[in-house]
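K.L.:
Input: one structure, supplied below.
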Amino acid sequence: MTLLEVTDLSVDLPLPRGAVRVVDGATFRLDAGESLGVVGESGSGKTMTALALMGLAPEGARIGGSIRFEGRELVSSSEEAMRALRGDRMAMIFQEPMTALNPLHRVGVQVAEPLVLHRGLSRSAAFGEAVRLLERVRLADPERAAHAYPFALSGGERQRAMIAMAIGCGPRLVIADEPTTALDVTVQARILALIDGLRVETGMAVILVSHDLAVVAGNCDRVLVLYGGLVMESGPVEVVLRAPKNPYTRALLEARPEPGAPRGARLKTIPGAPPRHRDVGAGCPFAARCELTVDVCRTARPPSVAFGAGHVSRCWRAAEVGEAP
Amino acid sequence: MALYLLQRLAVFVATLVIASAIVFAVMEILPGDAAETLLGPTATPEAVAALGHKLGLDLPLYVRYGRWIAGLARGDFGVSYAYGSPIAPLIGASLAISLPLAAMAMALSAAMALAAGVYAAGRRGRAGDAVVIGLTQVGLAVPNFWLAILMVIVFAVWLRLVPAGGFPGWADPARAFGALILPAVALGVVQAAILTRVTRSALIEALDEDYMRTARAKGVSRRAALWRHALPNALAPVLTIMGLQFANLIAGAIVVENVFVLPGLGRLMLQSISNRDTLVVEDCVMLIAILVIGLNFVVDVACAAIDPRLRSRSA
Amino acid sequence: MSGFARGGFSLWLGATLAAALLMIAALSFVWTPYPPAAIDIPHKLAQPSLAHWFGTDSLGRDVASQLIAGARVSILVGVVAVGIGLVFGVALGLVAAFRKGVVEDSIMKACDFVFAFPALLSAIMLTSTFGPGVVNAIVAIGAANVPIIAKLTRATANSVLAREYALAARAAGRGPLAIAADHVLPNILPALIVQATIQFAIAILAEAALSYLGLGAQPPQPSWGRMLSDAQNVLYNAPRLAIYPGAAIALSVLGLNLLGDGLRDALDPRLRARS
Amino acid sequence: MSDAPLLEVVDLVKAYRLPRPRPFAPHPLRAALAGVSFSVFAGRSFGIVGESGSGKSTLARIALALDSPDSGLVRLEGRSLFDLSRGELRAMRAHMQLIFQDPYGSLDPRMRVEAIVAEPLAALGRASRAERRARVAESLEAVGLRASDAAKYPHEFSGGQRQRVAIARALITRPKLVVADEPVSALDVSVQAQALNLMSDLEREAGVTFLLISHDLAVVAHLCETTAGMFRGKIVEIGPTAALFAAPAHPYARELVDATPRLDRAPRSAPPTKPAPPPASAAGCPYAPRCAWAAPRCLKEAPALTEVAGQGRRAACWFPLV
């Protein structure tokens, strides 16, 4: 059952030197209970895509295209209608659990806030519910955590509190924007396992935004690879990682050091650096760094080429991209 | 929290002790002989010595400091050299004007600053914000005593609505209050300009924090997020600046009292300076120091009540 | 974009007003329409005219000449007081930033403490000890500037020292003095310039208040604050006399504040990195 | 290659004072390093992995004498750094340099690249202007930048290029040891490989040995022959990198390896958080409260680093997993 259907989504940000398109023609869908990984480097537009879905793009941003969530069009929805959805039907988990929590309110009060807003619970009833939610995210001492202020918790504990806050009203979609980037790897593994466990348990869909393909590899059903505001490739995780049909995805896979490779083995490098938004011209954003680039790559946006099973690559030479090593 | 209070209290008392020592040192050690100054250059050495003895000036410094402090603690401020009367009632009478004036100015500026600061922060970069910023620039540039004089010109000289100055006494509270309104506005407007800028920038900083995005992601409305999440976070810096500005407010009150011929602490100090009545000046300065340091102590405690991080951080 | 344009406007207007103030003060050394202190009782309280652009005061002194010459005291007090604040404040702030622990704590506690004695209060104390005069005013205002500059210096220097390039300099074997000269000072200079401009404006205000109270500049030295105090005696006869000097103070302060704001926008490295 | 170690770290101890819990109570201490010893040999880069709070960054600072330990020794080429005079230490710094994580914060924004890269020379204070310029050009070219880049400011470079500038600065004195604290974790994935290849090349061709500190096992494995895992200020396992990753002996090393995201497999199910772990007793193994294999003995006695499974591997565990 389709939960979310995004068609030709674009986000234009007003910058001093004129508007800049940071997300360009993103098209994807998500079924209930499914998990989607959104992978990209800095400036790829991954966070802006996530914020646009929540209706939280920065003031002045222009959103184009269509976002249908549970059959309702969100792009044209009023702020009131979006507010009713946010925190209730769809929720978000942010990267920095330290700054994403208000330092002056007790953790329990913050976890309880969506319940007060959307379920009409009294503050005390919501606080009691918050303690149960904190227990569900496996905080060691939920009662203590609920009464604590954010600064008194560790990074991992704070992120668990954020997750508790997100799942409070039983959302159908949770968007996690780099939820573990600020955490240690061991904590990262536990947090990702927790999110995935909750997904299976509640049937909610998860969008996991990350800069690391490997994080997505172990935790998602499908993946979107973003570069310079464009969805370069999308499809089932195991297909995209084993047989990428986009040169960017392929290059990323080859550039990544893997434990187990011989010491000092040369990594395949991608020349240059990711483009800044205003540098992306009319062509493919990866054209300047790609080894398959031909003239048309620099002048026209690449077409979407489908390879079956929902595997799509935006590349002029998609058919010629070889298997990953 | 109790521990925090105790620590702040200890710092507060220590600060007062140091302040009193400095005030005493500047006022008592540096000048020549107060008795000589009072009697003028024609006085005989015997007369100077006699007066000096009467005033206790021949005692060792530490004894005089001790007596002064002990007196202050008991509310005994000593005897004025010039009037020969106890100082406490003099100060009491002037405080009855200066304290209400300062309080009115403070309340006025806080109210104006909160309203204008919230308004401007909510419209960052738009016309309303620019107008508020422009007005605060003007408010910062206008000297409070000039504003006071301008108000006298408008309301007393041209419109003849109020008398140009003087104080009718608290026997008639309404008239007394009326006499303080213009001075309070003159004082409060300049303070409001400073506080508005602080409120605006503290709020803008809070609005940019990640937790505001979290609040919006929960479905909290923009307005509710501002009042419930941003404002408490902006309050601590605003309170701190208010505490620091209090000393300047008192200083401004001294000048503005002069414009309106209000017999407050400022007039008392200026008169005592021209009378060479050192002990009165010393008492007044110390009293102001106590007020300022005391208010900042209260601000510290208030900030700790708002922010749990401050409470937990014991030195 | 509009924010940037406004910053540009602030800078432009502020620089113009501040330059005008400086030029008028410089001019006063070589030329004023009349000797500023020349008393001319027969022509007292004259209306503005071609002969006396802003009229004359209760003693017949030319107001325009007094205004021009009054800029001198304002600038003198501003420059010296801010200079005192910068010299001692930067030194104390740097010592605090480089020597952590007890030294830093005591310097900062002392700074907090001085805030309890605003310039006016210190000036009153000094005056009742040494008698009124410009020197007392300068010392009092300068002393009040020291903790403000010291706190700013320490805070900005600490943020520079916390950056990795400061640690890299240490790792490269550079000593504290070299780091202070090559890394800390250039990086805190913009903040210091901005603050010094604003303290300059505050010093002008403080001097005016002190002179108004009779604790600052003494006659026959012309001063805007004294002019206001003189004007107050004839408020019912010639309210205009209270307008000019106040406007001169307000315009000077406005100019310096705008200059400070404009410089902040122009020098802020974060804005610059973005553009 | 001589057998004497390039860098020798002996029994380093460092504790930081925490705020007093009550007035006049003694400051509680938090041990950042609780007796760390290891040796780094020339040409064989050494990796240190561990979570935040494990003491690895403190170790980096002390190894470069940027901070002093409470006790213990650091020897570079046999000379104890903390016994040197200030002048001798300054001269010694030419042999040991530093690369940071943040390519934005580690370059002074108000300096030109020339001045930034030449700073270690300025500290030695004996290069002529021409020599300085030549050395800067040589250093920039060694990291794949152009000599003409010397006239630019840091903000004119991308993140990856800035990190090259930082590496050029570290290379200009031709050091033998470079301590790299998370050198690639702030870089975009697509430019990480450039920096890692560069570091490999420098080890092979310029004779630079790295002491690499990272939370990312893949990065450490790529560059380092020997790796030490740190936990709460102690080395819990040390040995040849390949062996350690293939079959970790210490449960913490195992947890690290298992938690590292990899492309070729789903993460093994992470161990569930145990409800309210008992506080680490001062006497026991610091990892015991989190350890899935902890036995009563682990809570009472702290294990020392002892030989396991040959190949020079050592682990501090009563019940090593290999």
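K.L.:
Can you tell me which residues in region D:80-102 are at pLDDT below 90 and more than 9 Å from chain C (Cβ to nearest Cβ)?
P.N.:
Hit for region D:80-102 is D:Gly87, nothing else.
K.L.:
Just checking, does region B:125-144 include any residue being at pLDDT below 90 and either touching a strand residue (DSSP E or B) at 6+ places or on another chain (Cβ under 8 Å) or in the same structural domain as B:Ala224 (by TED's automatic domain parsing) (or both)?
P.N.:
Looking through region B:125-144, at least one residue is at pLDDT below 90 and either touching a strand residue (DSSP E or B) at 6+ places or on another chain (Cβ under 8 Å) or in the same structural domain as B:Ala224 (by TED's automatic domain parsing) (or both).
K.L.:
Can you give me the number of residues within region A:190-209 that are in contact with a Ser or Thr (Cβ under 8 Å, 6 or more places away or on another chain), modelled with pLDDT under 95 and either closer than 26 Å to A:Cys284 by Cβ or of a type in the set (A, V, I, L, M, F, W, C) (or both)?
P.N.:
3
K.L.:
Kindly evaluate C:Phe115 against the criterion of being crowded, with 19+ Cβ neighbours inside 10 Å, aromatic (Phe, Trp, Tyr) and within 11 Å of another protein chain (Cβ to nearest Cβ).
P.N.:
Criteria met by C:Phe115.
K.L.:
Just for region C:206-238: of the residues that are surrounded by 24 or more Cβ atoms within 10 Å (Cβ to Cβ) and out of contact with any Ser or Thr (no Cβ under 9 Å at 6 or more places or on another chain), which one is nearest to the other protein chains (Cβ to nearest Cβ)?
P.N.:
Going through the qualifying residues, I end up with C:Ala209.
K.L.:
With the condition being within 12 Å of the chain's Cα centre (by Cα), I'd like the strands (runs of 3 or more DSSP E) fully within region A:163-251 carrying at least 2 qualifying residues.
P.N.:
Hits in region A:163-251: A:173-177, A:205-210, A:222-227.
K.L.:
Pull up region C:8-64, narrow it to residues that are small (Gly, Ala, Ser) and free of Cβ contacts under 8 Å to residues at least 40 places away in the same chain, then point me to the one that is farthest from C:Pro220 (Cα to Cα).
P.N.:
C:Ala19
K.L.:
So A:Arg301 passes all but one of these: (1) within 29 Å of A:Thr2 (Cα to Cα); (2) under 23 Å from the mean Cα position of the chain (by Cα); (3) not polar (S, T, N, Q). Which condition number does it fail?
P.N.:
(2)
K.L.:
State whether one or more residues within region D:39-59 are within 14 Å of chain C (Cβ to nearest Cβ) and closer than 28 Å to A:Val185 by Cβ.
P.N.:
Yes: one or more hits.
K.L.:
For region D:101-125, give me each residue that is assigned to a helix (DSSP H, G or I) and closer than 15 Å to D:Ala151 by Cβ.
P.N.:
D:Val113, D:Glu114, D:Ala115, D:Ile116, D:Val117, D:Ala118
K.L.:
Would you confirm whether or not region B:32-48 contains a residue that is in contact with a helix residue (DSSP H, G or I) (Cβ under 8 Å, 6 or more places away or on another chain), assigned to a helix (DSSP H, G or I), at pLDDT 70 or above and closer than 25 Å to B:Leu265 by Cβ?
P.N.:
No, region B:32-48 contains no residue that is in contact with a helix residue (DSSP H, G or I) (Cβ under 8 Å, 6 or more places away or on another chain), assigned to a helix (DSSP H, G or I), at pLDDT 70 or above and closer than 25 Å to B:Leu265 by Cβ.
K.L.:
Restricting to region A:298-325, and then to whatever is crowded, with 21+ Cβ neighbours inside 10 Å and outside any loop (DSSP other than H, G, I, E, B), can you tell me which residue is modelled with the lowest pLDDT?
P.N.:
Only one residue fits best here, namely A:Ala318.
K.L.:
Can I ask one more? Please state which one of A:Arg190, A:Arg144, A:Arg242 is of a type in the set (Lys, Arg) and buried (at least 20 other Cβ atoms within 10 Å of the Cβ).
P.N.:
Being of a type in the set (Lys, Arg) and buried (at least 20 other Cβ atoms within 10 Å of the Cβ) holds for just one of A:Arg190, A:Arg144, A:Arg242, which is A:Arg190.
K.L.:
Pairs only if they're at least six apart or on different chains, beta carbon under 6 angstrom, first in region D:249-265 and within 23 Å of D:Ile235 (Cα to Cα) and more than 8 Å from chain A (Cβ to nearest Cβ), second among the β-branched types (Val, Ile, Thr) and crowded, with 22+ Cβ neighbours inside 10 Å; list them, first residue then second.
P.N.:
Going by the 6 Å Cβ cut-off, the qualifying pairs are D:His250/D:Val236; D:Tyr252/D:Val236.
K.L.:
Can you name the helices (runs of 4 or more DSSP H) wholly within region B:163-255 that have at least 2 residues being more than 22 Å from B:Gly117 (Cα to Cα)?
P.N.:
Counting at least 2 such residues, we get B:173-207, B:210-217.
K.L.:
Please find, among A:Pro303, A:Pro257, the residue that is within 14 Å of chain D (Cβ to nearest Cβ) and not hydrophobic (A, V, I, L, M, F, W, C).
P.N.:
Just a single option satisfies the conditions, and that option is A:Pro257.
K.L.:
Are there any pairs with C-beta distances below 8 angstrom linking a residue in region B:53-78 that is surrounded by 15 or more Cβ atoms within 10 Å (Cβ to Cβ) to a residue that is part of a loop (DSSP other than H, G, I, E, B) and among the aliphatic types (A, V, I, L, M), with the two at least 6 apart or on different chains, and if so which?
P.N.:
B:Arg64/B:Leu57
K.L.:
If you take the residues of region C:208-261 that are part of a helix (DSSP H, G or I) and aromatic (Phe, Trp, Tyr), which of them is nearest to C:Ala196 (Cα to Cα)?
P.N.:
The residue in question is C:Trp224.
K.L.:
Then there is this: So which residues in region B:214-229 are crowded, with 20+ Cβ neighbours inside 10 Å and at the interface with another protein chain (Cβ under 9 Å from one of its Cβ atoms)?
P.N.:
Residues satisfying the conditions are B:Thr214, B:Ala215, B:Arg216, B:Ala217, B:Lys218, B:Gly219, B:Val220, B:His229.
K.L.:
Next question, about the same structure. Need pairs with beta-carbon distance below 8 Å; first residue at the interface with another protein chain (Cβ under 9 Å from one of its Cβ atoms) and within 13 Å of A:Glu41 (Cα to Cα) and within region D:180-206, second part of a loop (DSSP other than H, G, I, E, B) and of a type in the set (A, V, I, L, M, F, W, C); sequence gap 6+ or separate chains.
P.N.:
From region D:180-206, the pairs are D:Asp188/A:Ala273; D:Ser190/A:Ile270; D:Ser190/A:Ala273; D:Val191/A:Ile270; D:Val191/A:Ala273; D:Gln192/D:Val184.
K.L.:
Residue under question is B:Ile97, and the condition is that it be away from chain C (no Cβ under 14 Å), under 23 Å from the mean Cα position of the chain (by Cα) and either at negative phi or in a helix (DSSP H, G or I) (or both); does it hold?
P.N.:
Spelling it out, B:Ile97 is indeed away from chain C (no Cβ under 14 Å), under 23 Å from the mean Cα position of the chain (by Cα) and either at negative phi or in a helix (DSSP H, G or I) (or both).
K.L.:
Another question, then. Can A:Pro244 be described as over 20 Å from A:Arg160 (Cβ atoms), of a type outside the set (Lys, Arg) and out of contact with any strand residue (DSSP E or B) (no Cβ under 7 Å at 6 or more places or on another chain)?
P.N.:
no
K.L.:
Within region C:125-139, can you find the residues that are among the aliphatic types (A, V, I, L, M) and out of contact with any helix residue (DSSP H, G or I) (no Cβ under 6 Å at 6 or more places or on another chain)?
P.N.:
Listed by number, the residues that qualify are C:Val134, C:Val135, C:Val139.
K.L.:
Moving on. If we scan region B:109-124, do we find a residue that is charged (D, E, K, R) and in contact (Cβ under 8 Å) with a residue 60 or more places away in the chain?
P.N.:
Taking every residue of region B:109-124 in turn, at least one turns out to be charged (D, E, K, R) and in contact (Cβ under 8 Å) with a residue 60 or more places away in the chain.
K.L.:
Does A:Asp24 satisfy being in contact with a Ser or Thr (Cβ under 6 Å, 6 or more places away or on another chain) and modelled with pLDDT under 95?
P.N.:
In short, yes.
K.L.:
Whether any residue in region A:214-221 is crowded, with 23+ Cβ neighbours inside 10 Å and more than 11 Å from chain D (Cβ to nearest Cβ) is what I want to check.
P.N.:
No, there is no match, as no residue in region A:214-221 is crowded, with 23+ Cβ neighbours inside 10 Å and more than 11 Å from chain D (Cβ to nearest Cβ).
The values are calculated or read from the model by the stated rules, or taken from the named source; none is laboratory data. Because the structure is predicted, anything quoted here is derived from the model rather than measured. Heads up, the Cβs are rebuilt from the backbone with ideal geometry, glycines too, and the neighbour counts pull from every protein chain shown.
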